[in-house]
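Q: Take this structure first; my questions come after.
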Amino acid sequence: MQEITGLINLELKGETVDKKATIDRLKPLVNKDTIALAQVDPIVGDIEYNYNKAKLYIEWANELKLGAIVFPELFLMGYPVFDIIDRFPSIVEKNIEYLEKLAKITTNTKVLIGFCEFNRFYIGKRYFNSVAILQNKKIERIIRKTLLPVYSEFNDARYFQSAEFNPKDRIIEIGSNKAAVVICEESWADKDFFDTPVYGFDPIDEIVTTQKPDYIINCSSSPTRAKKEQLLNNMLSFVSKKHSTPIIYVNQVGAVDNITFSGSSRCYDEKGQITARAKSFEEQFFLFQTKSKTSKFVNQIYSLPSGLEQSLNEQKAFSLDYEPDLERTYLTIINSIRDYFYKNGFSRAVLGVSGGLDSSVCAVLLSDALGNKNVYAVSMPSKITSGESRKDAKELCENLGVNYLEVPIKDMVETSKLTFSTAFDEIEKNWDKRYKNPLTMDNIQARSRAMILWGISNEFEGTIPIATSDKSELYMGYATINGDMSGGFAPIADVTKTKLFALARWLNSNRIKKNVIPRAVINKRPGAELAIDPKTNKPLLAEDALMPYEFLDEIIWRIENLHQTKDVMLKEWFLYEQKNKVTNQQKSEWIDKFFKRVQTALFKWSIMPPSPIVDARSINKAEYNQPITSKLKFY
């Protein structure tokens, strides 16, 4: 296996790597045409941390006498930078200072590393997104990014100046090869692959046509999301085959707030075939041989998360078969939790467990990411909470081995009710239009629970409470501000309810300890148990308040992926209609309800805590911004 993996993690834990033995094993296998892909996880703004990580990797590359080692885009600064470089230019100065320190430890092995550079031309934005070429104790050259994305979660043009493009300046020598260097988005401009290219020119086309490199190196920081791997693989394969030129792609791992990076660095040959691929969602010092001069060296092709390989050529269509994306979804959320907690100095999570699907899945994900002893699950029953729900919550926690506590909220709710009633009666003497059927008592329950969780967080170091709302209910505003929406992190806010059911079943089948989520949790119809349905005299079910989740989730998918309005949807055949009879009137009422509730839910979206982007499209504020003060006549 031609790799060194987890070096930094081993060092931080105080463990040792037998460096000499590893070097001695690998040296006979490598040469000047061997490249190390440094698939690493930076911390935005922590220049010294990123420097030390880069230094360790470079020292290994030097001792192996490799042709080059390649780091991701903006590695020294960390990506994405957001507004910190404008507010604190001294951080940019520091990343240049540490770039110069890295240059001094280089030997004949070339180092390609992303950093943030000042724009000394004094025209345009203050900075360039650049890659430095380091060799023999100096900065040999700087390559500046030209194509700057401003869509989805990207906003590079807000901070960086688009550099003038000269194909000749992109060529460097590595061993016996002539390599071309591009930065992330510069591979995403092929007019034959994309029906509507975003950019007016294609850097790779110009480089290959004029310079004829032996291969292309892409230094990237490209986030993961549903269908992204399929697009990335098909695009890089197409481009390498079209130009008969291999492509080497290095990507970062880890997470920053809402954005998660999967790594999966890889290489394609001139026929568009994968010849090497690093692990997904793990740091790795990954060795790749561009020309096999020794039969002893075998490039490794690590598997993608289960299901992705089989779905690389799927057409865009709504489906309830989430299986091909469940492991990637799981790994995305797990990595997001770990990095958010570790990088922000947290170590423990506290969450409410209701015996329902959302909190049960969150409990499993947190346990897997942080360790079961670092999770406290609190059951907070009210007088409406069923005995079955309390039993399911306790059984889940016993199965997981997480800490468990039951704190009834009946007294808190009754005290609050009395206090509020007195206040409301006084207010009514001056204000009219008091609601006949207010949601006050529903919200008091949810907010009482949030108060308990925040109290625990305030009392115990390194602890944050978890918001357990899912995407389907957030879209509809079926969540309580300062209640179930309240927390320091929201693991499943970009996971729809139907996908969450599938993920729960996947977790029960694919973890080492299986079937931790009680079957009753997965089989029961969701409900918040905050109010009694007058029709049944039982707790109100979510689908009765909203609509069937299968129908709701397809509306969400059609908006996010096909940008359909109500009129278009009414003419479309929904997957739900294949199994259930739905009248045109009912269909129209559901779609009307969706759009009207979305309009009133906008302000709730804006105050959600950080949550990992999982889907192909999202209402996560890192990606989608709609003015709260807006009214779209689409319903």
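Q: Return yes or no: is residue 619 open to solvent by less than 70 Å² (accessible area, probe 1.4 Å), under 14 Å from residue 475 (Cβ atoms) and without any contact (Cβ under 8 Å) to a residue 60 or more places away in the chain?
A: Values: open to solvent by less than 70 Å² (accessible area, probe 1.4 Å): yes; under 14 Å from residue 475 (Cβ atoms): yes; without any contact (Cβ under 8 Å) to a residue 60 or more places away in the chain: no.
Considered against the rule, which asks whether it is open to solvent by less than 70 Å² (accessible area, probe 1.4 Å), under 14 Å from residue 475 (Cβ atoms) and without any contact (Cβ under 8 Å) to a residue 60 or more places away in the chain, residue 619 comes out as no.
Q: Inside region 451-473, can you point out the residues that are in a helix (DSSP H, G or I) and open to solvent by less than 10 Å² (accessible area, probe 1.4 Å)?
A: 471, 472
Q: Here's something else I'd like to know. Quick check on region 140-163: of everything there that is open to solvent by 20 Å² or more (accessible area, probe 1.4 Å) and among the small types (Gly, Ala, Ser), which residue is nearest to the chain's Cα centre (by Cα)?
A: The residue in question is 152.
Q: To continue, here is another question. Can you run down the residue pairs with Cβ atoms below 8 Å, 6 or more apart or on separate chains, where the first is in region 577-603 and on the phi < 0 side of the Ramachandran plot and the partner is open to solvent by 90 Å² or more (accessible area, probe 1.4 Å)?
A: From region 577-603, the pairs are 599/631.
Q: Continuing with the same structure: Of all residues in region 489-506, how many are assigned to a loop (DSSP other than H, G, I, E, B) and of a type outside the set (Asp, Glu)?
A: Going through region 489-506 one residue at a time, the tally reaches 6.
Q: Can you tell me how many residues in region 378-430 are open to solvent by 60 Å² or more (accessible area, probe 1.4 Å) and in a loop (DSSP other than H, G, I, E, B)?
A: Residues in region 378-430 being open to solvent by 60 Å² or more (accessible area, probe 1.4 Å) and in a loop (DSSP other than H, G, I, E, B): 5 in total.
Q: Please go through region 576-629 and pick out each residue that is among the hydroxyl-bearing types (Ser, Thr, Tyr), assigned to a loop (DSSP other than H, G, I, E, B) and within 24 Å of residue 225 (Cβ to Cβ).
A: Residues satisfying the conditions are 611, 618, 624.
Q: OK, next. If I filter region 523-543 down to residues being without any contact (Cβ under 8 Å) to a residue 12 or more places away in the chain and in contact with a strand residue (DSSP E or B) (Cβ under 9 Å, 6 or more places away or on another chain), which single residue comes out as nearest to residue 392 (Cα to Cα)?
A: Across region 523-543, the extreme among qualifying residues is 538.
Q: Give the residues of region 558-575 that are open to solvent by 50 Å² or more (accessible area, probe 1.4 Å), outside any loop (DSSP other than H, G, I, E, B), out of contact with any Ser or Thr (no Cβ under 8 Å at 6 or more places or on another chain) and not β-branched (Val, Ile, Thr), sorted by residue number.
A: Within region 558-575, 562, 567, 571 qualify.
Q: Output the residue which, of all residues in region 503-530 that are small (Gly, Ala, Ser) and open to solvent by 10 Å² or more (accessible area, probe 1.4 Å), is modelled with the lowest pLDDT.
A: Among them, the one singled out is 528.
Q: Same structure again: Can you pull out every residue in region 531-544 that is outside any helix (DSSP H, G or I) and open to solvent by less than 50 Å² (accessible area, probe 1.4 Å)?
A: The first filter runs over region 531-544 and keeps only residues outside any helix (DSSP H, G or I), leaving 531-541.
If the condition is that a residue be outside any helix (DSSP H, G or I) and open to solvent by less than 50 Å² (accessible area, probe 1.4 Å), then 531, 533, 539, 541 are the ones that fit.
Q: While we're on this one: Quick one: how many residues across region 164-201 are open to solvent by 20 Å² or more (accessible area, probe 1.4 Å), more than 16 Å from residue 143 (Cβ to Cβ) and not hydrophobic (A, V, I, L, M, F, W, C)?
A: 9
Q: Which condition number in (1) under 18 Å from residue 203 (Cα atoms); (2) assigned to a strand (DSSP E or B); (3) without any contact (Cβ under 8 Å) to a residue 60 or more places away in the chain is the one that residue 248 fails?
A: In the conditions (1) under 18 Å from residue 203 (Cα atoms); (2) assigned to a strand (DSSP E or B); (3) without any contact (Cβ under 8 Å) to a residue 60 or more places away in the chain, residue 248 misses (3) alone.
Q: For region 163-198, give me each residue that is assigned to a loop (DSSP other than H, G, I, E, B) and touching an Asp or Glu at 6+ places or on another chain (Cβ under 8 Å). Show your work before the answer.
A: First pass over region 163-198, keeping only residues assigned to a loop (DSSP other than H, G, I, E, B): 163-166, 175-176, 188-198.
Answer for region 163-198, where residues must be assigned to a loop (DSSP other than H, G, I, E, B) and touching an Asp or Glu at 6+ places or on another chain (Cβ under 8 Å): 165, 175, 176, 189, 190, 191, 197.
Q: From the list 162, 176, 152, which residue is small (Gly, Ala, Ser), touching a residue at least 24 places away in the same chain (Cβ under 8 Å) and closer than 16 Å to residue 246 by Cβ?
A: Answer to the selection: 176.
Q: From (1) of a type outside the set (Lys, Arg); (2) touching a residue at least 24 places away in the same chain (Cβ under 8 Å); (3) in a helix (DSSP H, G or I); (4) over 22 Å from residue 352 (Cα atoms), pick out the condition that doesn't hold for residue 547.
A: Tallying (1) of a type outside the set (Lys, Arg); (2) touching a residue at least 24 places away in the same chain (Cβ under 8 Å); (3) in a helix (DSSP H, G or I); (4) over 22 Å from residue 352 (Cα atoms), residue 547 fails exactly one: (3).
Q: Name every residue in region 368-412 that is farther than 20 Å from residue 348 by Cβ and acidic (Asp, Glu), in order of residue number.
A: Result: 388, 392, 395, 411.
Q: Can you tell me which residues in region 204-226 are farther than 13 Å from residue 240 by Cβ, surrounded by fewer than 23 Cβ atoms within 10 Å (Cβ to Cβ) and not polar (S, T, N, Q)?
A: The answer is 206, 212, 226.
Q: Could you pull out every one of the strands (runs of 3 or more DSSP E) wholly within region 38-146 that has 2 or more residues that are closer than 19 Å to residue 160 by Cβ and modelled with pLDDT of 95 or more?
A: Working: elements: 68-70, 110-118, 127-135, 138-144.
Per the criteria, 110-118, 127-135, 138-144.
Q: I'd like to verify a number: residues in region 268-280 that are crowded, with 24+ Cβ neighbours inside 10 Å, in contact (Cβ under 8 Å) with a residue 40 or more places away in the chain and not polar (S, T, N, Q), how many?
A: Selection size over region 268-280: 1.
The values are calculated or read from the model by the stated rules, or taken from the named source; none is laboratory data. Bear in mind that the values here come from a model prediction, so they are computed numbers and not experimental data. When we count neighbours, we look across all protein chains shown, and the Cβ atoms used for this are built from the backbone with ideal geometry, even at glycine. Only protein heavy atoms, including side chains, enter the accessible area calculation; ligands, DNA and RNA are left aside. Shrake-Rupley method; radii C 1.70, N 1.55, O 1.52, S 1.80 Å.
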